[in-house]
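Following: one structure in structure tokens, then a few remarks.
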Amino acid sequence: MDTDSGIKGDVGMDTRIYIMAHKKFNVPKNAGYIPLQVGSEGSEDLGYTRDNTGEHISKKNKSYCELTGMYWIWKNVNCDIVGICHYRRYFVSQDSLEKKQLEDVLLDTDYLETCLKNYDIVIPDSGMTMQENVRRHYEEKHNINDLHICERVLQEKYPEDYRAFEWVLERNLMTLGNMTVAPKALFDEYCNWLFDILAEVEMRIDITSYDDYQKRVFGFLAERLFRAWLINRPLKIREEHIIFLPER
């Protein structure tokens, strides 16, 4: 089921870049960029496409963050290429505005379509932890037991990806924001893998005592899992700059 008509870039190519948002913001006017209200179940209608139609997990937004939007896209959207960004994080041609408007530096759909003729997927440029590795970073910032549970689930359900995950956790590079641009078929393949893992992890941990920040656990785990999924598949990966805008 396709609940959104989208905006087409090149003739015959349907490319959609969904902007995850939970509040009103200045929506870029660039063709193909579509605001998606995440966690919209029971929330005020912002006038954007909502993630609580069709098959959805919108009510889990406090713990799944932008993943409720990703789930909705996976289950309800048909298009050629799909991208994920945020109302404050975007793929851009340079990593600062330098007196330019956001619309001037956003990667347009023509550019992204051209990229995906030579690469399989576009992701944010890698970040580096201040800690010795990703595992130590998670231990300092979050509940390390949740990561241990995620490791066990991955070992049980996808043992071929477990070693890749362990390798990722021992390095200090990260891919943050759960942002990507990819052919919809590849995006769907990733979501099928990711949400299968997270659904099992969710059944094994208790987050009732967590504060609002730590309740975002499944978004945090997804950021670490994404890199393991990437490196364990024969994909040609293109990294692009992202910009992080201040709250207004």
Using θ = phi - 60° and Karplus 6.51 cos²θ - 1.76 cosθ + 1.60, couplings along the stretch 181-198 (whole Hz; Gly, Pro as x):
9, 7, x, 4, 4, 6, 4, 4, 4, 5, 4, 4, 5, 4, 6, 5, 5, 5
For the chain, what ratio Rg/Rh do Cα atoms give with a Kirkwood hydrodynamic radius?
0.94
Amide H proximity to Thr180 below 5 Å, modelled H, separation 5+ or other chain, gives Ile84
Suppose each label sits 7 Å from its Cα in the direction of the beta carbon; what would the Asn30-Gln131 distance come out to in nanometres?
3.3
Local net charge near Phe25, Cβ-Cβ under 9 Å (Lys/Arg +1, Asp/Glu -1):
+4
Order the peptides 167-175, 73-81, 24-32, 240-248 from the highest to the lowest mean number of other Cβ atoms within 10 Å of their residues.
73-81, 167-175, 24-32, 240-248
Per residue, how much accessible area does the chain show when a 1.4 Å probe rolls over the protein heavy atoms, in square angstrom?
48
Whole-percent tail of the Cα-Cα distance distribution for the stretch 130-195, cut at 15 Å, equals 62
In whole percent, the fraction of accessible protein surface over the chain that belongs to carbon or sulfur atoms, probe radius 1.4 Å, stands at 47
Sequence-distant lysines (8 or more away, or on other chains) whose Cα lies within less than 23 Å of Lys62:
Lys23, Lys24, Lys75, Lys141, Lys215
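The values are calculated or read from the model by the stated rules, or taken from the named source; none is laboratory data. All values derive from a computational prediction rather than experimental measurement. As a convention, Cβ positions derive from the backbone with ideal geometry for all residues, glycine included, and neighbour counts pool all protein chains shown. The area values use the complete protein model at the heavy-atom level, side chains included, leaving out ligands, DNA and RNA. Shrake-Rupley method; radii C 1.70, N 1.55, O 1.52, S 1.80 Å.
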